[in-house]
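Working notes, structure below.
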Amino acid sequence: MRAVVVAHGEVDPADAAHLRAADLIVAADGGTAHLERWGVAPHLVVGDLDSLSAEARARLAGLPVERHPAAKEKSDTELAVDRAVAAGADEIVLLGALGGPRADHALANTLLLACDARLRIVRGALAMRVVRGGGRAAIDRPAGETVTLLAVGGDAAGVTTEGLRYPLRSETLRLGSSRGVSNEVASRPAAVSVGSGALLVIEGGPSSPQEQA
């Protein structure tokens, strides 16, 4: 099952296309506003609803809403991702995870990738995911496209790339090092594999003006 979770950060107009093939659409609090603008009703709204005006909350009448108190141990976005996992999603696309005035939320949303291999963050042409030890990820991007590889949660060892301009051959990317920044696709097929640890794979970048959340 394919789920799309929409958070309250910045989105790209092209992001709405991900909703077409979704079996489940979950709005995290203010992400409801993006869906409303796109003319799409979520299957579930999750959060404390503090990002929605009284008028916007009134428009949720008739929609399933899982309301949480403002004082809680998880962000609205993490709770929404949890609901997608609980519903049986084997692929989760997270929209609206980045940008906006809250850098802490953007960073926390990015780190959610380290918790579940089914999760991808997408904004326009930008896509982010985590590859864990023993895993391999195909990079389906045209030649010249930027690819950044960053260790998360500790060092990533045994990193090997295929089809990238600056090859890695069973090497270690240290946590906090920028060594893997701004690689690029040189030929196809391209891929990256990791022996141990976890690697954040960032592909592409903005393709069009973004809508401000």
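The values are calculated or read from the model by the stated rules, or taken from the named source; none is laboratory data. Given the structure is predicted, the values throughout are model-derived calculations rather than measurements. Here Cβ is always computed from backbone atoms with ideal geometry, including for glycine, and neighbour counts include all displayed protein chains.
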Just the residues that are out of contact with any helix residue (DSSP H, G or I) (no Cβ under 9 Å at 6 or more places or on another chain), small (Gly, Ala, Ser) and over 21 Å from Ala89 (Cβ atoms), please, taken from the range 112-144. Gly133, Gly134, Ala143, Gly144
Among strands (runs of 3 or more DSSP E) entirely inside the range 125-213, those with 3 or more residues being among the aliphatic types (A, V, I, L, M) are 126-132, 136-139, 146-151, 156-162, 190-193, 198-203
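A quick yes/no check of all residues on (1) buried (at least 18 other Cβ atoms within 10 Å of the Cβ); (2) not assigned by TED's automatic domain parsing to the domain that holds Val181:
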{"site": "Ala80", "(1), (2)": "yes, yes"}
{"site": "Ala86", "(1), (2)": "no, yes"}
{"site": "Glu91", "(1), (2)": "no, yes"}
{"site": "Thr161", "(1), (2)": "yes, no"}
{"site": "Arg165", "(1), (2)": "no, no"}
Taking the range 50-67 only, how many residues are crowded, with 16+ Cβ neighbours inside 10 Å and under 20 Å from Leu24 (Cα atoms)? 2
Spot the failing condition for Gly135; the list is (1) in contact with a strand residue (DSSP E or B) (Cβ under 6 Å, 6 or more places away or on another chain); (2) exposed (fewer than 15 other Cβ atoms within 10 Å of the Cβ); (3) of a type outside the set (A, V, I, L, M, F, W, C), and only one is missed. (1)
Consider Glu55 carefully, then state whether it is acidic (Asp, Glu), assigned by TED's automatic domain parsing to the domain that holds Arg120 and closer than 18 Å to Arg129 by Cα. no
Answer yes or no: is there a residue in the range 57-68 that is small (Gly, Ala, Ser) and under 19 Å from Ala106 (Cβ atoms). no
